[in-house]
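Here's the structure, in structure tokens; my notes come after.
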Amino acid sequence: TIEQVLARRVWDSRGRPTVEVEIVNADGSSGIGIAPAGASRGRHEAVELRDGGERFGGRDVQEALRGIEREIAPALRGRDAADQEGIDRMLIALDGTPDKSRLGGNALIASSLAVLHAAAAHARQPLWRHLAQGREVPLPLPQIQIFGGGAHAGRRVDIQDFMVIATGATRFSQALEMTAEVYRAAGELMAGRDALAGVADEGGWWPDFARNEDALDTLVAAIERAGFTPGDEVAIALDIAASEFGAGGRYRLALDQAELDSDGLCERLLRWIERYPIVSIEDPLAEDDEAGLVAFTRAVGGRVQVVGDDYLVTNAQRVRAAAQAGACNCVLVKPNQAGTVSETRAALEAAQSLGYGTIMSARSGETEDVAIVHLATGWNAGQLKVGSFARSERMAKWNEGVRLETRPGGPAGFAGRAALAGRR
Ligand code: PGA
Ligand code: ZN
């Protein structure tokens, strides 16, 4: 049973306050949950509780901490951490709002994750195995950013993530090795054109490009320079994050000086799919443009993975509605979009039961927390996205995957390219 619940403010990878909850069981086992934070958030995500005002740009979390101390902690004490669903139901009811805005999605997810860790610790199991419940589960296929953009790089380019997927890798650690070479080659190419200007929020190279397509050309050149065949061995994944530059079916690509409607953006993206070895596209249209998402998914015809992030916000009901409408074929799963572990799991399982691909994902504001790697593995998500191949809040996750791969009795193999939705 849960004996102690401690709430404290810690700091995320952007140097901003965030919520940490530590839970101690009566037997001394314990678990820590930390809330991550997005910068390009979906409109229907669980709402973070921030203090506002002057301090830390209005982003302090004292109110969220108070809510945990006054309401969540007393409600958790004496309960069995193994009852994740019961506890999450209690947290949702305690908050009482549809968007978790009263106690805060940040307070709820930190508490819910701490409960999960405490339950695994009590069972003396690594988290991934605790979640796998005896099933054979593989390590996920990584999606790794090479250039950052959009809201993560001062909107230097419109597109948010230019990523690679090591489709030729047969082990998790091999996927990292291949990506390391591509990341390095991309840095050398940027340096060669005097365009090396540091890194963006998730550790990808700062995107000093004149057009969005320059980033794609450079990515292909980097894959080749690293010695890999584009497409066969290393392929491209994009997060367009279109909600950041469009709404109501109107899109403004500032870098390309283009004003496009929904069809226009679809056509441009389809052209990129023809010209470049792209295997995955996330949020190709804005979260409110369901007709566009359906049309794009249909036009793609299952050739590539079409991922819903802002549009689906890790919500089982929205995932089922999207499947009915025929939008997307893959779901990005972010625990803090949902606000509790159980709702995250429900969204993932809804996607899996509908035959959709699933990608467990970190946020642009992260910490040393590596829970996401265990969730991706234990729940057999198949794919994992945590940003680039630099900065320790990112590398902590990749390194945790290496640990799981090399420990005796670890996960069963590697999901590999078969985890991708789409048959390219
Ligand atoms: P965010 O971006 O964490 O800033 O929302 C990540 C993503 O869009 O996938
Ligand atoms: Zn996204």
Exactly one of ARG70, ARG43 is among the charged types (D, E, K, R) and in a loop (DSSP other than H, G, I, E, B), and that residue is ARG43
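At pLDDT below 95 and either closer than 28 Å to GLY105 by Cβ or touching a helix residue (DSSP H, G or I) at 6+ places or on another chain (Cβ under 8 Å) (or both): is that true of ASP256 in this structure?
Working: at pLDDT below 95: yes; either closer than 28 Å to GLY105 by Cβ or touching a helix residue (DSSP H, G or I) at 6+ places or on another chain (Cβ under 8 Å) (or both): yes.
Yes: the conditions hold for ASP256.
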Qualifying residue in the range 313-323 (condition: at pLDDT 95 or above, over 21 Å from ALA81 (Cβ atoms), within 15 Å of ligand 2 (Cβ to nearest atom) and of a type in the set (S, T, N, Q)): yes
For the range 46-55, does any single residue satisfy the condition of being closer than 21 Å to VAL331 by Cβ and part of a loop (DSSP other than H, G, I, E, B)? yes
Within the group SER280, SER262, SER243, which residue is over 23 Å from the mean Cα position of the chain (by Cα) and crowded, with 20+ Cβ neighbours inside 10 Å? SER262
It is to be established whether one or more residues within the range 124-147 are crowded, with 23+ Cβ neighbours inside 10 Å, in contact with a Pro (Cβ under 6 Å, 6 or more places away or on another chain) and over 24 Å from GLY410 (Cβ atoms). yes
Restricting to the range 156-177, count the residues that are within 13 Å of ligand 1 (Cβ to nearest atom) and either modelled with pLDDT under 95 or part of a loop (DSSP other than H, G, I, E, B) (or both). 2
Is it the case that the range 85-93 has a residue that's away from ligand 1 (no atom under 16 Å from the Cβ), assigned to a helix (DSSP H, G or I), at positive phi and of a type outside the set (Phe, Trp, Tyr)? no
Looking at the range 194-215, which of its residues are touching a residue at least 12 places away in the same chain (Cβ under 8 Å) and outside any loop (DSSP other than H, G, I, E, B)? VAL199, TRP205, ASN212, GLU213, ALA215
Would you check if GLY78 is more than 30 Å from ARG14 (Cβ to Cβ), assigned to a loop (DSSP other than H, G, I, E, B) and in contact with a Ser or Thr (Cβ under 8 Å, 6 or more places away or on another chain)? yes
Within the range 178-200, take every residue that is among the acidic types (Asp, Glu) and at pLDDT 95 or above and give me the one that is nearest to VAL402 (Cα to Cα). GLU181
Please verify whether the range 230-241 includes one or more residues that are in a strand (DSSP E or B), touching a Gly at 6+ places or on another chain (Cβ under 9 Å), in contact (Cβ under 8 Å) with a residue 40 or more places away in the chain and within 16 Å of ligand 2 (Cβ to nearest atom). yes
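Mind listing whichever residues of the range 310-333 are of a type in the set (D, E, K, R) and either under 18 Å from ALA421 (Cα atoms) or surrounded by fewer than 24 Cβ atoms within 10 Å (Cβ to Cβ) (or both)?
Within the range 310-333, ARG318, ARG320 meet the criteria.
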Take LEU131 and tell me if it is part of a helix (DSSP H, G or I), touching a Gly at 6+ places or on another chain (Cβ under 8 Å) and within 26 Å of ALA418 (Cα to Cα). yes
With respect to the numbered conditions (1) farther than 23 Å from PRO230 by Cβ; (2) free of Cβ contacts under 8 Å to residues at least 12 places away in the same chain, which one is the sole condition not fulfilled by ASP369? (2)
Just the residues that are in a loop (DSSP other than H, G, I, E, B), out of contact with any Lys or Arg (no Cβ under 8 Å at 6 or more places or on another chain) and within 16 Å of ligand 1 (Cβ to nearest atom), please, taken from the range 1-38. ASP12, ARG14, GLY15, ALA35
Residues in the range 62-70: is at least one more than 19 Å from LEU113 (Cβ to Cβ), at pLDDT 95 or above and within 23 Å of the chain's Cα centre (by Cα)? no
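The values are calculated or read from the model by the stated rules, or taken from the named source; none is laboratory data. Note that the structure is predicted; figures quoted are calculated from it, not measured. Neighbour counts are summed over all protein chains in view; Cβ atoms, including those assigned to glycine, are modelled from backbone coordinates with ideal geometry.
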